[in-house]
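Asks: Mind looking over this structure? Questions follow.
What follows is calculated from the coordinates using simple rules that are stated; it is not laboratory data. Keep in mind it's a predicted model, so treat the numbers as computed, not measured. Using ideal geometry, Cβ is built from the backbone for each residue, glycine included, and neighbour counts are taken over all protein chains shown.
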Amino acid sequence: MAMTEKLYYENPYLKELEAEVIAVLGSAVILDKTIFYPEGGGQPGDCGWFGDIPIATTEKGDDGTPLHIIAEGIAPAVGTRAKLQLDWEHRYFYMKEHSAQHLVSALLFSMHGIGTVAVHQGEDGFTVETNASDIPDSILLSVEDAASDAIREGHRIWQEEVEHSDAEALHMRRSIKVGGRVRIVHIEGIDEVACGGVHAGNTREIGEIAYAGKERIRSHIRTMWKCAGPAVSFRRKNMEIVRALSALFSAERQDIVREAERVSTECSELKRNIRKLEERIASLELDKALSDGPAFILSDIPVSAYDGILPSGFLYPILIVDGAGRLLFHGDEDLFAKLRGTLQIKGGGRNNLFHGSFADSPSDFLNAAREVICGND
Ligand SMILES: [Zn+2]
């Protein structure tokens, strides 16, 4: 297999480079040297251009060779020389995000003994899946504080390749997953770990970091973080939400939660009261409608209010419809089957009680149903 010189390790800040095509496999182009990092270790592959051909992403071949993937158009011929140019904004963001992830994983471990089992980088934030079954927010906020300090202090980040045995002797927080020589990434005074990704040169470049939440995944806690631009947007968005809620509840910032709780309690009480009133209305409507023949009720309240108050036995069918297009039928099963077969009803039930819905206007539906039920007159 062709050998590609991987310059993204030597100088992660190199944005463009003259390169030559040495092999083409379908839409995958292999170059004699590259500054494009192939996807790996939770970090997405680089995109950019080779001459004027857009490179959609970069993947790792079976032997680790970077494959420059062309999304559209024709692959260049072997021997073509052109300028390889990174989508620097994309790449630099992921360098910063990857460095922020190291920082968070390192601090979780050094401050709280929490290990990292998996990481994922995205354009709007990264996740650190931990080996802990529960982590209080106070711990995650202490990590956020320490990470912010490290960003402000400006710790140098650098990488070196060492022999496997020398790497083992470092007793790093994460076991080494590769054989042969090992790439160690250092954050001055904070962390050293084996990693094949590309990182920023100093923690200061990360700019900002924000703890953005956690979730349970399998039996572990996965923590969510944002750095750089997404961290700024996240805090700004949170403030917008607070301002909107403050206006909505006519409450000062510190009173919003209490006010929301009060409104929520009041709402629950109102719902309970409305339900009681609906059942009272249903009972009156039913009394009025029940006589010595089928009863038809076009109800202003939801048919569900009638659920508990229908007579246990029945002499005549009762059909109740409401303005939301729902119906309640109390009567013989065969008669309901006939109604359902004649009119467009969705629904069913048992023990002479049937629930359903219909698409017609309620009064039209009720008239049509009346004809089906009393049709043999
Ligand atoms: Zn890394």
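Asks: Chymotrypsin sites (Phe, Trp or Tyr not before Pro) within the range 185-292: which are DSSP loop residues with at most 11 other Cβ atoms inside 10 Å? Kindly include the intermediate steps, with their values, before the conclusion.
Replies: On the way: sites: Tyr211, Trp225, Phe234, Phe249; in loops: none.
Here no chymotrypsin sites (Phe, Trp or Tyr not before Pro) fit, given the DSSP loop and packing criteria.
Asks: Take the alpha-carbon centre of the range 160-199, take the same for the range 208-261, and report the distance between them in whole Å.
Replies: Here the answer is 35 Å between Cα centres.
Asks: Additional query: Could you give the angle, 0 to 90 degrees to the nearest 10, between helix 256-289's Cα long axis and the longest principal axis of the Cα atoms of the chain?
Replies: Orientation of helix 256-289: about 30 degrees from the principal axis.
Asks: While we're here: Would you compute, from DSSP H runs of 4+ residues alone, the mean residue ellipticity of the chain at 222 nm, taking -39500 (n - 2.57) per run and dividing by the full residue count, rounded to the nearest 500? Could the numbers behind the result be given before it?
Replies: Working: 8 runs with 130 residues, N = 377.
Roughly -11500 deg cm²/dmol at 222 nm, from the helical runs in the chain.
Asks: Only Cα pairs within less than 10 Å get springs; with that Gaussian network setup on the chain, which residue of Gly48, Gly308, Gly207 has the largest fluctuation?
Replies: Result: Gly308 has the largest fluctuation of those listed.
Asks: Still on this model: Going toward the positive end of the dipole of the chain, with +1 on Lys and Arg Cβ and -1 on Asp and Glu Cβ, which of Gly61, Ile318, Leu290 do you reach last?
Replies: Checked the options; the winner is Leu290.
Asks: Moving on. Using a Förster radius of 45 Å, what is the FRET efficiency between Ala368 and Ser268 based on their Cβ-Cβ separation? Nearest 0.05, please.
Replies: After rounding, the FRET efficiency stands at 0.70.
Asks: Assuming a ≥ b ≥ c are the square roots of the Cα gyration tensor eigenvalues, decide whether the chain counts as rounded (a/c under 1.5), prolate (otherwise, with a/b larger than b/c) or oblate.
Replies: In terms of gyration-tensor shape, prolate.
Asks: So, one more: Quote to one decimal, in nm, the extra length available between Val232 and Glu59 on full extension: 0.36 nm per residue of separation minus the C-alpha distance between them.
Replies: Numbers: separation 173, 0.36 × 173 = 62.28 nm, distance 3.03 nm.
Length gained between Val232 and Glu59: 59.3 nm.
Asks: Which residue, chosen from Gly207, Ala305, Leu107, occupies the Cα position most advanced towards the positive end of the dipole of the chain, where the dipole is computed from +1 (Lys, Arg) and -1 (Asp, Glu) charges on Cβ about the Cα centre?
Replies: Going by the Cα projections, it comes out as Ala305.
Asks: Working from Cα positions, state the angle (0 to 90°, nearest 10) between the long axis of helix 333-342 and the longest principal axis of the chain.
Replies: Roughly 70 degrees between the two axes.
Asks: For the range 92-246, what is the per residue volume of the convex hull drawn over the alpha-carbon atoms, in cubic angstrom?
Replies: On the way: hull volume 18.1 nm³, N = 155.
Spelled out: Cα convex hull of the range 92-246, divided by residues, is 116 Å³.
Asks: If you don't mind, there's one more thing I want to ask. What does the net charge come to around Arg235 if you take all other residues with beta carbon closer than 15 Å to its beta carbon, with K and R at +1 and D and E at -1?
Replies: Summing Lys/Arg as +1 and Asp/Glu as -1 gives 0.
Asks: I need two numbers for the range 65-136: Rg to one decimal and Dmax as a whole number, Cα atoms only, in Å.
Replies: Over the range 65-136's Cα set, Rg and Dmax evaluate to 18.5, 57 Å.
Asks: Which of the lysines could a cross-linker span from Lys276 if the Cα-Cα distance has to be under 19 Å and same-chain partners fewer than 8 positions apart are dropped?
Replies: Answer for Lys276, where 19 Å is the Cα cut-off: Lys288, listed by chain and number.
Asks: Are any of the pairs Lys6/Lys237; Lys96/Lys177; Lys83/Lys237; Lys6/Lys96 more than 29 Å apart by Cα-Cα distance, and if so, which?
Replies: Violating the 29 Å Cα-Cα cut-off are Lys6/Lys237; Lys83/Lys237.
Asks: Taking a quarter of the surface of the convex hull around the Cα atoms of the range 270-374, what do you get in nm²?
Replies: The orientation-averaged projected area of the Cα hull of the range 270-374 comes to 6.3 nm².
Asks: Across 5 Å bins from the origin, how do the percents of Cα pairs in the range 5-86 run, short distances first?
Replies: In whole percents, the pair-distance histogram is 3, 17, 30, 30, 14, 4, 0.
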